[in-house]
1. For the range 18-55, give me each residue that is assigned to a strand (DSSP E or B) and in contact with a helix residue (DSSP H, G or I) (Cβ under 8 Å, 6 or more places away or on another chain).
2. Go over the candidates Phe241, Phe200 one by one and state the one that is more than 20 Å from Asn43 (Cβ to Cβ), out of contact with any strand residue (DSSP E or B) (no Cβ under 9 Å at 6 or more places or on another chain) and among the hydrophobic types (A, V, I, L, M, F, W, C).
3. Restrict the check to the range 153-170 and report whether at least one residue is touching a Leu at 6+ places or on another chain (Cβ under 6 Å) and either surrounded by 13 or more Cβ atoms within 10 Å (Cβ to Cβ) or farther than 30 Å from Gly58 by Cβ (or both).
4. Please work out which one of (1) of a type in the set (Ser, Thr, Tyr); (2) farther than 19 Å from Trp188 by Cα; (3) at pLDDT 95 or above is the condition Thr199 fails and give its number.
5. Name every residue in the range 24-81 that is of a type in the set (A, V, I, L, M) and farther than 17 Å from Leu107 by Cα, in order of residue number.
6. Starting from the range 234-250, take each residue that is farther than 12 Å from Gly286 by Cα and list its partners that are of a type outside the set (Val, Ile, Thr), counting only C-beta distances under 6 angstrom and pairs at least six apart or across chains.
7. Which of the residues spanning the range 202-215 are modelled with pLDDT of 95 or more and either surrounded by fewer than 16 Cβ atoms within 10 Å (Cβ to Cβ) or assigned to a strand (DSSP E or B) (or both)?
8. Out of all the residues in the range 190-213, which are under 22 Å from Val118 (Cβ atoms) and either in contact (Cβ under 8 Å) with a residue 40 or more places away in the chain or among the aliphatic types (A, V, I, L, M) (or both)?
Amino acid sequence: MKKVLVLAAAIVAVVMSAKAEVEFAYDAGFEAVSSYIWRGQYNGGLSFQPDVEIGYDGEHSSFRAGVWANLGASDWGFRKGLATYIDAEGTEIDPNTRFVPELDVVLSFSTYGLSLGVNHYYYCDGSNFFSWQSVADLDGSNNTSTTEVWAGYNFGDLTKAGLYFNWYTTVAGQDLRYDENGDAKRAWSSYFEIGYDYTFENAGVTLGAVVGMSPWESPIYGNSKFAVNNISLKINKEWEFDHVTLDLFAQGSLNTDGLNKDNVFIKASGDEKLCNQKLNGTIGLGIWF
């Protein structure tokens, strides 16, 4: 407890010592994307993604709390009372109403380029909102939510360099690997990325490149050992108006883990593409207030 109090006091001291006044800040808006791509993975097709953040900003420090959601076209169905059936490939099909959007709760603190945060991912499929149970309890279907902590550094806060890096590790929820005896162990799934953004100020165009890696076996990222699972390129163009910013972007991503000619594209949808399809891309439009 003493260590926690000391850390909290240090954070408060850093914020209070900032030269500029700390002011209330918020961001709100949404993106519409042709595909939901997350850290190189295909997570769904056409999607609507609202995002709201509030907090306090200083010259070199900020604290934010926010909620982000994904509402995918494939998440929705509006039929009830229909019996499940087996298709020609032996897969059980449930034709009834479903509603499985994703809801993320995000907390972050940054100072002089250093950032710390917590992300909680929840899927509206009837599972528990939080999954803090022991590993032995995580095999059930009511535990699809996960929680991760992360840390990163952005050199652009103090310099003009667009270089940044982030490390994410899952600490709670449905994140299991199995040993040779079939016993479940927490996988501590992790993802490390190095990125660089370059902005052409006069044109309002930004080019971004990311290399993302999963350092050890992970059921979340689909690798059995170290893997480079996200080589990503992105271009976006912004238009700023009085109270609205428009953002048009396109992004492509390659997963090199187990790459072969048969899995560049997969003729399937939904979970069958998750971690399996190696080349993914999306185009999107964002509106921010």
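1. If the condition is that a residue be assigned to a strand (DSSP E or B) and in contact with a helix residue (DSSP H, G or I) (Cβ under 8 Å, 6 or more places away or on another chain), then Gly44, Ser47 are the ones that fit.
2. Phe241
3. Looking through the range 153-170, at least one residue is touching a Leu at 6+ places or on another chain (Cβ under 6 Å) and either surrounded by 13 or more Cβ atoms within 10 Å (Cβ to Cβ) or farther than 30 Å from Gly58 by Cβ (or both).
4. (3)
5. Once the filter is applied, which keeps residues that are of a type in the set (A, V, I, L, M) and farther than 17 Å from Leu107 by Cα, the range 24-81 yields Ala32, Val33, Ile37, Leu46, Leu71, Ala73.
6. Lys234/Gly208; Lys234/Gln251; Ile235/Leu207; Ile235/Ala250
7. The answer is Val205, Thr206, Leu207, Gly208, Ala209, Val210, Val211, Gly212, Met213, Ser214.
8. Passing the criteria: Tyr191, Glu193, Ile194, Val210, Gly212, Met213.
The values are calculated or read from the model by the stated rules, or taken from the named source; none is laboratory data. Please read these numbers as outputs of a predicted model, since none were measured by experiment. Here Cβ is always computed from backbone atoms with ideal geometry, including for glycine, and neighbour counts include all displayed protein chains.
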